[in-house]
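Student: Shown below is the structure under consideration.
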Amino acid sequence: MTAPFSPLSRLSLNQETIKQWSLPALTEGCVKAGIGRVGLWRAPVQAYGVERTARLLADAGLTVTSLCRGGFFTALDPAER
């Protein structure tokens, strides 16, 4: 039998959307809101620890849909962008 459709079933929350939240806060917020998928950013994952992040998300039942490497600037100097 197929699980009932949920309006949030295909939604993935990108971490940059709520970058002020820590990974534990992001995890808790997603679980509370019924969001089962997240797109993460490399720097916060590295800062928290890759293994620790994986364990946190797995324990909460969250799926990672993407891992973004960072900003998309072609130059370091803002004036050159």
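Every number here is computed from the coordinates shown, using simple stated rules; none is lab data. Keep in mind that this is a model prediction, so the values were computed, not measured. Glycine gets a Cβ as well: all are built from the backbone with ideal geometry, and neighbour counts include every protein chain shown.
Student: Please list, in chain and number order, the residues 5+ apart from LEU13 or on another chain whose amide H is under 5 Å from its amide H, with Hs placed from the backbone.
Tutor: Amide H neighbours of LEU13: ARG37, VAL38, GLY39.
Student: So, one more: Amide H to amide H, which residues 5 or more places from CYS68 or on other chains are under 5 Å from it, using H placed in the peptide plane?
Tutor: Under 5 Å from the amide H of CYS68 lie the amide H atoms of LEU40, TRP41, ARG42, each far enough along the sequence or on another chain.
Student: Another question about this same structure. Which is farthest toward the positive dipole end of the chain among ASN14, ALA60, ALA79, measuring Cα position about the Cα centre, with Cβ charges +1 (Lys, Arg) and -1 (Asp, Glu)?
Tutor: Working it through, the farthest residue towards the positive pole turns out to be ALA60.
Student: Right, something else. Quick check on the chain: helices-only [θ] at 222 nm, where DSSP H runs of length 4 and up contribute -39,500 (n - 2.57) each and the sum goes over total residues. Nearest 500, please.
Tutor: Result for the chain, helices only: -10500 deg cm²/dmol.
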